[in-house]
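A.B. asks: Just dropping this structure here.
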Amino acid sequence: MTQLRTVQVLGGGSAGSSAHVRSLAAGLVARGVRVTVCAPAELDHIYDFPGAGARFAPVPRRSDPGAVGALRAACADADVVHAHGLHAALRAALALSGQRVPLVVTWHTRSHHEGARGPVLRLLERRAARAASVVLGTCSELVDRARRRGARDARLAPVALPAPHGGTDAESKARAELGSVDRPLLLAVGSLAPHRGYETLLDAARLWRGMDPVPLVVVAGEGSGRGALQRRIDVEELPVRLVGCRDDIADLLSVADVALLPSRWEARSLLAQEALRLGTPLVATAVGGIPELVGDAAELIPYGDPVALAETVARLLGDPERRGELAAAGRVQAGMWPTEDETVAQVLSVYDEVVARG
């Protein structure tokens, strides 16, 4: 039987999509599939795609005019190309122009552009959706969005990521380092971008100053909004620390009293998945794919409501029994998610299907 040859294409490479491609590559290689990963070189330094058994072909980021040419060369002998994200899908479609190679696209999340850029975004989504043989959405809302944009075939494909592992020694050091030995620790994780809802989180932190002891809010992540957030923290003397990008998120989550997800929109949030797996109580906005992901295993609040966020967290901190219930429910909910093996099997069945179509 001829070996199936696949190319996985990453654009900017969010943490979720990059980790998924690493997991997917390892699973496909174990099943005898040849995998080439095309991504910016810096992503290979982080995720070590050859360590998963894949070939790695560096492709410049989307602003580089040589990106499509490099991608076309990497896809020259592929049986199927799988692009992850909107911009990766658009570049893959250009690279495959004139070829009869099926394109599978996974929408891991959605872009956040309003105003004048909104119509342009919808146009790009339409092009990406219509160029794909199959669009896989990581939550039902993304599947519906792909269908509205004209996808011929859109399916739900919730991706599985490796389970986090924390160590008790590292956890103790993390809590001491953050200055939260004798006070509640609240943790948020994600890029410092407007759609993450951190302005609402700072509004809530102002309300928490009246608690005794005052909780410490730790935000792990980087982004263009750091300067504005830090100025607010300093001026208002908020109990919030911006700690930048961290490679010990599992350790931080393991010692956090509550995990916070105040985003305007999420699909299958990495933070939500890791919090539930580790049994860390989660307070999240009821947006996008979050209700579908967490079920009854988290406290859900409206987006942009600092009072609801502040009151829900304060109630949880004063109710150890409820936190224990959420911890147990989170582990049960996580056990219902697809495994990495099941995710690989689903994707491989899609490859076999689109290749058989010719």
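Taken together, the values in this text are just the output of simple stated rules run on the coordinates, not laboratory data. Fair warning: this is a prediction, and the values are worked out from it, not measured in the lab. We place every Cβ from the backbone using ideal geometry, glycine too, and count neighbours over all the protein chains shown.
A.B. asks: Quick one: if the Förster radius is 41 Å, what FRET efficiency do residue 64 and residue 235 give, using the C-beta to C-beta distance and rounding to 0.05?
C.D. replies: Calculated transfer efficiency: 0.55.
A.B. asks: Any chance you could get the radius of gyration and Dmax over the Cα atoms of region 168-335, in Å?
C.D. replies: Over region 168-335's Cα set, Rg and Dmax evaluate to 14.4, 44 Å.
A.B. asks: In whole Hz, what ³J(HN,Hα) sequence does region 77-94 give by Karplus (6.51, -1.76, 1.60; θ = phi - 60°), x for Gly and Pro?
C.D. replies: With coefficients 6.51, -1.76 and 1.60, one gets 10, 7, 8, 8, 10, 10, 9, 10, x, 4, 5, 5, 5, 5, 5, 5, 4, 5 Hz.
A.B. asks: A follow-up question, please. Quick check: net charge around residue 332, other residues with Cβ under 13 Å of its Cβ, Lys/Arg +1 and Asp/Glu -1?
C.D. replies: Residues near residue 332 contribute 0 overall.
A.B. asks: FRET efficiency for residue 211 and residue 243, Cβ-Cβ distance as r, R0 = 22 Å, nearest 0.05?
C.D. replies: 0.55
A.B. asks: Hey, another quick one. What are the ³J(HN,Hα) values, in whole Hz, obtained from phi via the Karplus relation 6.51 cos²θ - 1.76 cosθ + 1.60 with θ = phi - 60°, for each residue of region 226-233 in sequence order, with x given for Gly and Pro?
C.D. replies: Values per residue, Gly and Pro as x: 4, x, 5, 5, 5, 4, 4, 4 Hz.
A.B. asks: Taking the Cα centre of region 168-335 as origin, work out the dipole magnitude from +1 charges on Lys and Arg Cβ and -1 charges on Asp and Glu Cβ, in debye rounded to 20.
C.D. replies: 260
A.B. asks: Using the 2.2 N^0.38 Å rule of thumb for compact globular proteins, work out how the chain stacks up: its C-alpha Rg over that value, please.
C.D. replies: After normalising by residue count via 2.2 N^0.38 Å, the value is 1.03.
A.B. asks: Another one. Mind checking the dipole of the chain: about its Cα centre, +1 per Lys or Arg Cβ, -1 per Asp or Glu Cβ, Debye to the nearest 20?
C.D. replies: Here the chain has a charge dipole of around 1720 debye.
A.B. asks: Would you calculate, for the chain, the mean residue ellipticity at 222 nm contributed by helices, counting each DSSP H stretch of 4 or more residues as -39,500 (n - 2.57) and dividing by all residues, to the nearest 500?
C.D. replies: Calculated mean residue ellipticity at 222 nm is -14000 deg cm²/dmol.
A.B. asks: Any idea which of 37, 282, 95 is furthest toward the positive side of the dipole for the chain, if Lys and Arg beta-carbons carry +1 and Asp and Glu beta-carbons -1?
C.D. replies: 95
A.B. asks: Hey, another quick one. When ranked by the protection proxy of mean other Cβ atoms within 10 Å per residue, highest first, what sequence do the peptides 253-265, 284-296, 75-87 form?
C.D. replies: With the highest mean Cβ count within 10 Å placed first, the list reads 253-265, 75-87, 284-296.
A.B. asks: Can you sort 336, 211 from fewest to most other Cβ atoms within 10 Å of each residue's own Cβ?
C.D. replies: Taking fewest neighbouring Cβ atoms as first place, the list is 336, 211.
A.B. asks: Take the alpha carbon gyration tensor of region 181-223, find the square roots of its eigenvalues, order them as a ≥ b ≥ c, and report rounded if a/c is under 1.5; if not, report prolate when a/b exceeds b/c, else oblate.
C.D. replies: oblate
A.B. asks: While we're on this one: Determine, for 20, 108, the number of other Cβ atoms within 10 Å of each Cβ, and report the residues in order from fewest to most.
C.D. replies: 108, 20
A.B. asks: Still on this structure: What distance in nm separates the two pseudo spin-label positions at residue 155 and residue 55, each 7 Å out from Cα along the beta-carbon direction?
C.D. replies: In this crude spin-label approximation the distance works out to 2.7 nm.
A.B. asks: Taking H as built 1.01 Å from N, whose amide H comes closer than 5 Å to the amide H of residue 263, not counting residues under 5 places away?
C.D. replies: 285
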